[in-house]
Amino acid sequence: SRYGGGIYNNGTLNLTGSTVSENTTSNNGGGIYNDHGPVTFTASTVRGNAAQKHGGGIFNRDALTLTGSTVSGNSATDGGGILNDGTLTLTDSSLSGNRATDDGGGIASYSGTLTLARSSVSGNSASDLGGGISIDFTALTLTNSTVSGNTASYGGGIYVYGSSSTANLSFSTLTNNQATGTSSEGGGILISSGTVKLKGVILANNTSESGSGPECSGSLISQGYNLIKSNADCGFTAQTDITGQDPDLGPLADNGGPTQTHLPAAGSPVLDKVSTGNCTTLGGTVLSTDQRGVSRPQGTACEIGSVERQP
């Protein structure tokens with residue numbers, strides 16, 4: 001079919017414990033095309049679907065909520081995993097191994113809102129922009145989440161574009177992402193335009209083949225308590241930020257909880273660096289747990305990044 005190789009929704013759709021796989025479309029929404037009406041995924045899987053244009057796994061034009069779900073191994077020109085043009089919310093969910101021949105290996109969002117909490121975006125790839133996430137005129141909120149091992153020519157982890165785009169990242173881990181083009185920049189994050197704010201974020205061990213902005217490229221606004229290994233091509237000014245240090249993280253693995261994480265080592269500089277009163281999102285919401293659901297703090301103060309190390 002031209003829209004929604006597996007499912008075309010124009011009403012209300014709830015899927016629980018379901019799998020949508022191996023579907024194709026000549027246009028948008030290889031697995032699912034959500035035209036109008038809310039779609040809810042719970043403990044479900046979207047894998048191995050393909051779209052010739054947008055949204056290999058899912059194309060969303062309205063409201064889409066994924067909880068405890070997986071989007072993996074899908075492909076499209078833009079939005080290998082998901083193409084969002086509405087309201088997209090992921091909680092306790094994973095996007096992995098999705099591929100875009102243009103932008104947004106994991107997710108491409110061209111308008112609306114994109115919210116990820118306690119989720120993992122890993123091992124996705126895009127030939128051009130945003131291996132993990134690519135946003136354009138979108139409000140992105142990333143909390144207690146991991147963006148790891150994604151690749152693109154520009155913006156290996158996250159690419160931000162559009163004057164009205166905002167990206168608010170709180171207590172998340174961005175590591176091992178790569179910008180691979182010969183004139184690449186922004187291994188972790190590339191900000192072409194828009195506003196990006198970080199609090200309690202690990203931004204380390206990302207790479208750029210050209211050497212430009214290995215961790216980030218563009219204008220970042222620090223709200224403090226971040227660790228950035230290389231400060232080249234992006235300025236962090238808050239006194240509580242740590243620069244020039246390795247966070248000493250373990251590999252992406254099952255460390256408990258519904259999604260994979262990077263566990264800080266016992267001697268990591270991110271341990272106990274955020275006073276309890278500052279363990280909050282950029283919007284001021286108290287973060288009482290980490291990405292895995294483990295209580296924050298475990299020690300005298302909270303850890304930087306998405307994971308609390310238990311004694």
List, in order, the whole-Hz ³J(HN,Hα) value for each residue of segment 208-215 obtained from phi through the Karplus relation with A = 6.51, B = -1.76, C = 1.60 and θ = phi - 60°; use x for Gly and Pro.
10, 4, 7, x, 8, x, x, 8
Ordering 141-149, 224-232 by per-residue average of other C-beta atoms within 10 angstrom, highest first, gives 141-149, 224-232
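Tell me the Kirkwood radius of segment 1-150: reciprocal of the mean inverse pair distance over distinct alpha-carbon atoms, in Å.
Mean inverse Cα-Cα distance, inverted, gives 13.9 Å.
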Post the alpha-carbon centroid distance, segment 1-64 to segment 190-213, in whole angstrom.
31 Å
FRET efficiency for Thr195 and Thr237 from the Cβ-Cβ distance with R0 = 22 Å, rounded to 0.05, comes out at 0.90
What is the total of Lys pairs in the chain with C-alpha atoms under 19 Å apart, excluding same-chain pairs fewer than 8 positions apart?
5
Along segment 269-276, Karplus-curve 3J(HN,Hα) (6.51, -1.76, 1.60; θ = phi - 60°) to the nearest Hz, with x for Gly and Pro, reads x, 8, 6, 6, 9, 10, 4, 3
Counting only other residues whose beta carbon sits under 14 Å from that of Thr207, what net charge do I get with K and R as +1, D and E as -1?
-4
Got a sec to turn the phi values of segment 189-204 into Karplus ³J(HN,Hα) couplings, 6.51 cos²θ - 1.76 cosθ + 1.60 with θ = phi - 60°, whole Hz, x for Gly and Pro?
9, 10, 10, 7, 7, x, 10, 10, 10, 10, 9, x, 9, 8, 10, 7
Residue separation between Asn278 and Thr101 times 0.36 nm, minus their alpha-carbon distance, gives in nm 59.7 nm
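Sort segment 111-188 into rounded, prolate or oblate with this rule: let a ≥ b ≥ c be the square roots of the eigenvalues of the Cα gyration tensor; rounded if a/c is under 1.5, and if a/c is not under 1.5, prolate when a/b is larger than b/c, oblate otherwise.
oblate
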Equivalent ellipsoid semi-axes - Cα gyration tensor, the chain, angstrom:
30, 21, 16
Charged-residue dipole, Cβ positions (Lys, Arg, Asp, Glu), the chain about Cα centre, Debye nearest 20
440 debye
Using the Cβ atoms and a cut-off under 13 Å, what net charge is assigned to the surroundings of Arg99, where Lys and Arg are +1 and Asp and Glu are -1?
-3
Once amide H atoms are placed 1.01 Å from N in the peptide plane, what residues at a sequence separation of 5 or more from Thr195, or on another chain, have their amide H within under 5 Å of its amide H?
Ser165, Thr166, Ala167
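None of the figures in this text is laboratory data; all of them are computed from the coordinates on show. The shown structure was predicted, so the numbers you read here are calculated from the model rather than taken from an experiment. Glycine gets a Cβ as well: all are built from the backbone with ideal geometry, and neighbour counts include every protein chain shown.
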